[in-house]
Amino acid sequence: MAVADSMSSSTAEPTVIADRLDIIYKVIAGQGGKGTAATALRRILKRQDRPTIREVHAVKSVSFTANKGDAIGVIGRNGSGKSTLLRAIAGLLPPASGAVYTGGRPSLLGVNAAMMNDLTGDRNVVLGCLAMGMSPAEVQRRYDEIVEFSGIGDFIDLPMSTYSSGMAARLKFAIASAKTHDILLVDEALATGDAEFRVRSERKIKELRDQAGTVFLVSHSLEVVQETCNRAIWLDAGVLRLDGPVKEVVEAYIASTRAG
Amino acid sequence: MPTAAEPTGMTSPAELAERYGLSKSSIRPPLSSYLRELWSRRQFVLSYATARTYAMYAGARLGSIWQVLTPLLNAGVYYLAFGVLLGTKNGIDNYVAFLLSGIFVFTFTQRCMTEGSRSLALNLSLIRTLHFPRATLPLAYVLNELNQMLVSLAILFVVVGFTDGPAWRWFLIVPAMVLQMMFNIGITLVFARIGTFVSDITQLLPFVTRTWLYASGIFFSLPSKLEQLNAPSWVVQVLAFNPISAYIDIVRRSLLQEHKQNELPHAWTIAIVWSFVMLAGGFWYFWRAEDRYGRG
Ligand SMILES: Nc1ncnc2c1ncn2[C@@H]1O[C@H](COP(=O)(O)OP(=O)(O)OP(=O)(O)O)[C@@H](O)[C@H]1O
Ligand SMILES: [Mg+2]
């Protein structure tokens, strides 16, 4: 289906290009965090990192090109670097080496995309929209629609820390999808939702795709990936194992999980 | 293996990206467009600051009364220590107003620095989720502190109104606050950047600010103190370059009747120079690392 046209040279118009992308997290491990002012000063003066700093090489030399109208499923085991890759595409995690080129500003939608948890749902709606660059008037116009789509109802004026994970996911998805995006990155945002929400959000994703956008979808539900995507990328411990039509990649992935 | 590279043959990814007008996703925009983008998010800064102020006091039973109580208690402790126990008043008639103005001005800058140094680290998840100019976060923190400062100033006006009485001079407080605000924005941006990459700074800052506190002439008048100590006159000239001393002095000049005798030399000029240098330098320094925030 869409795989064919996305790869024929006449219509292929790249929107995301990853070029030997490396992402490294620096983590402060252990309890080395506290210390006296004197040791802190000495460390700063010597410009030496904490002895307990660890590096996690989460994405290793990944290259691919995504085109207009592509919906790309990203699959792989836990900790294989899927969320990290999406954050890098969004420009939220600076690469250690290599580069990601994008046309327009990608938007990331994720489960652990924590908003401001101690603030109420409606504050989060307003702040989220303002941060995405909407004007106050626009926020006011969209507000009801967003709350309606989220289906949160009366809970909207409670702090987000009191929400169930599904409720938080619904609200975040509603906020992020209030804007039209050229490139939308969805990271398991649909996983904790109920059946009704899943239907709603899948429809929304298809809508976004039809508006000539590019969608990346991370999901552990291979069914959802096969239904919504035309192409898939398989990450394994940070390395790109396979990139191609969704059916082939998913089958290869299933075969490898069976074997392991 | 990577299928999509085929149709373009031998072109490198960078060339391909250029041909289709794609840009690096984590690129630092030019300073001018960065400032423009920042300006377009002013509503976000304002709303975030309001929400934060609200959330800060939501848990306390007395709620936002703490905004008034905190500076009062703070000043009370210092009055007890320096005014009553140590008797530092020496010759300052309106010592309460003298002390309060010093403490409030100092606390404003100090809180901006310490809070600002954590403004990015505490919001890492937001930074890794949404795209917005990162400087909005430290700016929102400064706005929070300004809000607190205005409450403190109201207290100060009440005190001075009852002791010295109102005067036209008071309006000079407006340019004084604007100047200190500019300085605070700059210094907050600087420490926000340092705080994200050198997390040890948060442990060190309290010691830095405490030293600064005692060097700034908050509890006593610097010129008369130095006179007592028989210090050469250039010492005052040098100490007057301390930005905090300058901001305290211009606030005292506008509020206190008898401050003429305790004035620091060239306080307005020094305050103005510091403001512009710090504001411009702060934005420039913060913007230089814009593409690296969020890596943690
Ligand atoms: N904030 C972080 N700090 C340090 N290391 C991290 C951070 N986030 C992820 N990692 C590491 O990066 C690697 C990839 O994590 P990532 O979250 O991208 O995996 P994932 O494929 O999304 O997994 P999952 O399917 O469980 O969501 C893991 O080894 C993880 O430990
Ligand atoms: Mg993940």
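What the table shows:
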| item | result |
| --- | --- |
| Top of A:Lys179, A:Lys68, A:Lys26 by mean-square fluctuation, Gaussian network on chain A, Cα under 10 Å | A:Lys26 |
| Span from the segment A:69-135 Cα centroid across to the segment A:185-236 one, whole angstrom | 14 |
| Distance histogram in 10 Å bins (all Cα pairs of chain B, percent per bin) | 6, 24, 29, 21, 10, 5, 3, 2, 0 |
| Per residue accessible area of chain A, 1.4 Å probe, in Å² | 45 |
| Peptides B:284-294, B:51-61, B:208-218 ordered by average Cβ neighbours within 10 Å, highest first | B:284-294, B:208-218, B:51-61 |
| Lys/Arg +1, Asp/Glu -1 at C-beta; segment B:28-288 dipole; positive extreme among B:Val105, B:Ala81, B:Pro166 | B:Val105 |
| Neighbouring partner chain Cβ atoms per residue of B:198-209, average, 10 Å criterion | 4 |
| Equivalent ellipsoid semi-axes - Cα gyration tensor, chain A, angstrom | 31, 28, 18 |
| Residues with amide H under 5 Å from that of B:Gly294, placed H, sequence gap 5 or more | none |
| Carbon + sulfur, % of accessible area of segment B:28-288 - ligands and nucleic acids excluded, 1.4 Å | 68 |
| GNM result for chain B, Cα springs below 10 Å: residue of B:Leu22, B:Leu122, B:Leu46 fluctuating most strongly | B:Leu22 |
| Accessible solvent surface per residue of segment B:28-288, calculated while the other protein chains remain in place, 1.4 angstrom probe, Å² | 45 |
| Cβ neighbours within 10 Å from other chains - mean over A:98-105 | 6 |
| Cα centroid separation - segment B:26-52 against segment B:91-147, whole Å | 17 |
| Mean ellipticity per residue at 222 nm, deg cm²/dmol - from DSSP H runs of n ≥ 4 across chain B, formula -39500 (n - 2.57) | -20500 deg cm²/dmol |
| Net charge of neighbours whose Cβ lies under 11 Å from the Cβ of A:Thr15, counting Lys and Arg as +1 and Asp and Glu as -1 | -2 |
| Proximal lysines to B:Lys260, defined as alpha-carbon separation beneath 24 angstrom and excluding residues fewer than eight positions away on the same chain | B:Lys89, B:Lys225 |
| Interface size B-A, as summed buried accessible area [1.4 Å probe, Å², nearest 100] | 4500 |
| Karplus (6.51, -1.76, 1.60) ³J(HN,Hα), θ = phi - 60°, over segment B:242-247, in Hz, Gly and Pro reported as x | 4, x, 4, 4, 5, 5 |
| Dipole in debye (nearest 20) - the protein assembly as shown, about Cα centre, beta carbon charges: Lys, Arg +1; Asp, Glu -1 | 1340 |
| Accessible-area composition of chain A, carbon plus sulfur, in percent [1.4 Å probe] | 51 |
| Listed residues B:Arg41, B:Arg19, B:Arg28, most fluctuating in chain B (Gaussian network, C-alpha, under 10 Å) | B:Arg19 |
| Candidate lysines - alpha carbon under 20 Å from A:Lys172, same-chain residues fewer than 8 apart omitted | A:Lys82, A:Lys204, A:Lys206 |
| Residue-averaged beta-carbon neighbours from other chains (10 angstrom radius) around B:247-260 | 0 |
| Spatial extent of the protein assembly as shown: Rg and Dmax, with the Cα atoms as the point set, Å | 27.9, 90 |
| Mean Cα-pair separation over length for chain B, i.e. relative contact order, pairs under 8 Å, 6 or more apart, % | 26 |
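The values are calculated or read from the model by the stated rules, or taken from the named source; none is laboratory data. Keep in mind that this is a model prediction, so the values were computed, not measured. All Cβ positions, glycine included, derive from the backbone under ideal geometry; neighbour counts span all protein chains shown. Areas reflect the complete protein model, heavy atoms only, side chains present, ligands, DNA and RNA absent. Shrake-Rupley method; radii C 1.70, N 1.55, O 1.52, S 1.80 Å.
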